[in-house]
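Colleague: Below are the structure tokens for one structure; questions will follow.
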Amino acid sequence: MAMVKGAGGRLAQCGLGATLFVAMASAATPATHADPPALHRVTYTVSAERSAAADIYFRDADPASWAEYSHNPYQFSPKVEANVGPSARWTRDVWLATPDQWAMVSATSGLAPVTPNFHCELAVDGAVVATNNGAKGALCSLRHW
């Protein structure tokens, strides 16, 4: 035990219990965490010069890691079927933390005999950052797959 001079000049005993109380109180203080990354509005757009049924895949969530994505990419890349053409666009807004790594949209007409001449566009926070064209399919991404 340690002797501590208290109020009024009297000596008091400071034991193990007081030391443990202080140690436990400081350990119970929650650790500060970094703020989650800001989310970015990602807008995917697919159109075509000729009307066609399109299979469209797009990323709608940030995987925690490449390993998680590789294990099941379709968990993060839903597929929709949409009719697109000169006057029919498909557009979808999603929110991603790291669009430079994960934003992606692709469209294909598969085995259909038509050549739609697809066009895709990817915008982040309102700014178009990627476009592409393709006779039977198009892929827009910031990352090279």
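The values are calculated or read from the model by the stated rules, or taken from the named source; none is laboratory data. Predicted model only: the values in this text are computed from it and were never measured. As a convention, Cβ positions derive from the backbone with ideal geometry for all residues, glycine included, and neighbour counts pool all protein chains shown.
Colleague: Collect the residues in the stretch 34-46 that are out of contact with any Ser or Thr (no Cβ under 9 Å at 6 or more places or on another chain) and either exposed (fewer than 13 other Cβ atoms within 10 Å of the Cβ) or part of a strand (DSSP E or B) (or both), keeping them in residue-number order. Lay out the reasoning, then the answer.
Modeller: First pass over the stretch 34-46, keeping only residues out of contact with any Ser or Thr (no Cβ under 9 Å at 6 or more places or on another chain): 34-36, 38-39, 41-42.
Matches in the stretch 34-46: A34, D35, P36, A38, R41, V42.
Colleague: Looking at the stretch 113-128 only, could you name the residues that are in contact (Cβ under 8 Å) with a residue 24 or more places away in the chain and surrounded by 12 or more Cβ atoms within 10 Å (Cβ to Cβ)? Break it down stepwise before answering.
Modeller: Let us first name the residues in the stretch 113-128 that are in contact (Cβ under 8 Å) with a residue 24 or more places away in the chain, namely 114-126.
Scanning the stretch 113-128 gives V114, T115, P116, N117, F118, H119, C120, E121, L122, A123, V124, D125.
Colleague: Then there is this: Name the residues in the stretch 125-145 that are assigned to a strand (DSSP E or B) and touching an Asp or Glu at 6+ places or on another chain (Cβ under 8 Å), would you? Give the derivation first.
Modeller: Within the stretch 125-145, the subset assigned to a strand (DSSP E or B) is 127-134, 137-141.
Those that are assigned to a strand (DSSP E or B) and touching an Asp or Glu at 6+ places or on another chain (Cβ under 8 Å): V128, A130, T131, C140.
Colleague: With the requirement that a residue be under 12 Å from the mean Cα position of the chain (by Cα), outside any helix (DSSP H, G or I) and without any contact (Cβ under 8 Å) to a residue 40 or more places away in the chain, what does the stretch 67-100 give you? Steps first, please.
Modeller: We begin by selecting, within the stretch 67-100, every residue under 12 Å from the mean Cα position of the chain (by Cα); these are 69, 76-77, 94-100.
Imposing the further condition that a residue be outside any helix (DSSP H, G or I) reduces the set to 76-77, 94-98.
Across the stretch 67-100, the qualifying residues are F76, S77.
Colleague: In the list T43, T32, which residue meets the criterion of being modelled with pLDDT of 75 or more and of a type outside the set (K, R)? Walk me through how you get there before you give the answer.
Modeller: Values: T32 fails: modelled with pLDDT of 75 or more.
T43 is the lone residue from the list that is modelled with pLDDT of 75 or more and of a type outside the set (K, R).
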